[in-house]
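Working notes, beginning with the structure itself.
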Amino acid sequence: MKTITIKIACIILGIGAVCLFLPTVSNGDTAATSAKVQLYTCGMHPQIISDKPGICPICNMKLTPKRDGTSGEGTVWIDPATRQNMGLTMTAAKYAGLSRLVHTFGEVAIPDPNVYSVTLKFDGWAERLFVAEEGERVLKGQSLLEVYSPDLVTAQKELLVALKSESNDSMTRLAEAARSRLKNWDISEDQIEQLANSGEVKRTLIIRSPADGFVHAKHVKEGDRLSARSVLYEIVDLREVWIKADVYEQDLPYIAVHHPAKIKVPGLPGRTFAGHISYISPMLDKKGQVEIRLSLENPDFALKPAMYAEVTIENALKGNRLVIPRSAIINSGVRQIVYVAKDGESYEPRTIITGAVGQNDLIEVVDGLTPGDSVVTSGQFLLDSETRLSEAVHSAGAHTQDGDKHSGHNDYGEKTDHEQMAADPYNIHTCPMPSHYHILNYGPGTCPDCGMDLVPVSETDNAPVYVCPMPECRVAAGKPGLCPVCNMRLKEYHPEGKSDQ
């Protein structure tokens, strides 16, 4: 009995010692411990917050631990499983050479300097044609036609008289004048020498081709009465041709005279022609395009006028430039944004300034990124919608907590954007013109058909309108169906947050 009493006393003394040495917990410490309770949220719907793990009631995704949000403004936290479901892919910004391919279309044309007109410079008659058909190939100096003219006969006689009487300076000058007149009338040198040597006046003389080429047009027949300034033939030299094409003004910085180009002609499959830019028009047409000309050799005459041509101009920009895929950029019209992966689970929106667009859809980044920054190239639009939704939810909550000063009304008692967002996260607007009720937009805007300002659907008789249950998908339609973004069934929209459930 004495032993049992001793044991009980030892136990009581032990409990007292423990209570004596253990630190007491104040009410403040209890509150701090409660404040550290782990909360859980949905990576796609941050407005869903729970004090225990579970499933998101909107998208049925697994809730993940809620972060303190110590990163920069707009940073999105995504757990690895959600990231895989969203299909996020990343690419690092890096320095690389940037080249730009300018593609355009045009047609084969005859170079203006290669067109020759055979014009008669005296009155006469066409006695005989040596080239009687259009399309014939001729060589420089080849006989084209034989003409009779009283003026030619007179000029020949004057030359012979002057040559026979070349005993003084005046007759010498007369002979030279007669020779010059015949030359100016396109009488060849060999005919003049033959006349001087034979001493016989010829009734007809021959007009010869001024260049190699093809007869593009013929305006004379045998026996025609010809007058001075009559165009007899048009001859074109096709050993070199032009490609006339148009380029848009945004491509002008990437082209210059003498830049090489490659030309393909569908009518000549398997062949690629090399040329260079010979002319860039100083004028812009009404379509926002500039005409360019490319010169290229055509020794076998395979390229024929009016043929359709595909032109590719390649220009390598100077130096290496910091580049990313253009698909990584979200262009709001006011600024350009990319999402940068900070670690395995957070993504930060970053405003950038871009420069030249190169081949393979690479774009130069002038400011906003550094080499090695990992940017999201696929799924960034889901991140952007998540960021906008989080900002809207946080803004609405902040205004609610601030009381009357930020009650969501302005000085005139009207609802602000934040209260409108809280009351109606869709805020569907449409055109006031009944014929344009098919125009549906999230928030205010301008009708693309008539240019009128859009108004809330509640102010029109446009009904019914169907929306996606997830406002961030920004899908509105005039008939029921499935959301093309998340594949959820569309529901009928009622303004002021009265959508059916």
The stretch 126-140 and the stretch 204-228: distance between their alpha carbon centers, rounded to Å = 7 Å
Spherically averaged projected area in nm², based on the convex hull that wraps the Cα atoms of the stretch 174-220 = 4.4 nm²
With +1 on the Cβ of every Lys and Arg and -1 on the Cβ of every Asp and Glu, the dipole magnitude of the stretch 185-270 about its Cα centre, in debye rounded to the nearest 20, is 300 debye
Label-to-label distance, nm, for residues given as PHE105 and MET171 (7 Å Cα→Cβ offset) = 7.3 nm
In whole angstrom, and with the biggest value first, how far do the Cα coordinates of the stretch 251-298 range along each principal axis?
-> 34, 22, 18
Across all Cα atoms of the stretch 112-236, Rg and the largest Cα-Cα distance (Dmax), in Å, are 15.6, 50
Using Cα pairs under 8 angstrom and six or more residues apart, how large is the relative contact order of the stretch 112-236, in percent?
-> 46 percent
Which whole-number percent of Cα pairs in the stretch 428-467 have a distance greater than 14 Å?
-> 29 percent
Taking the highest mean first, how do the peptides 429-440, 126-137 order by number of other beta carbon atoms within 10 angstrom per residue?
-> 429-440, 126-137
Under 5 Å between amide H atoms, partner at least 5 residues away or on a different chain: which partners does GLY445 have, H built in plane at 1.01 Å?
-> LEU454
Long-range amide H partners of ARG321 with built H, under 5 Å = ALA96, GLY97, LEU98
Karplus-derived 3J(HN,Hα) from phi for the stretch 311-317 (6.51 cos²θ - 1.76 cosθ + 1.60, θ = phi - 60°), whole Hz, x at Gly and Pro, runs 10, 10, 10, 10, 9, 8, 6
Hull-based mean projected area of the stretch 289-360, where the convex hull spans the alpha carbons, in square nanometres = 9.3 nm²
Residue by residue, what Karplus-based ³J(HN,Hα) values in Hz, rounded to whole numbers, does the stretch 299-310 have, using 6.51, -1.76 and 1.60 with θ = phi - 60° and x for Gly and Pro?
-> x, 9, 6, 5, 7, 10, x, 6, 5, 6, 9, 10
Relative packing of 305-312, 458-465, 288-295, which averages over residues the other C-beta atoms within 10 Å, highest first = 288-295, 305-312, 458-465
Which cross-chain or sequence-distant (5 or more) residues have an amide H under 5 Å from the amide H of SER346, H modelled 1.01 Å from N in plane?
-> ILE78
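Rule-based calculations on the coordinates, nothing more; no lab input. Note that the structure is a prediction, hence the values are computed from the model and not measured. Cβ sites come from the backbone with ideal geometry, for glycine too, and all protein chains shown count toward neighbours.
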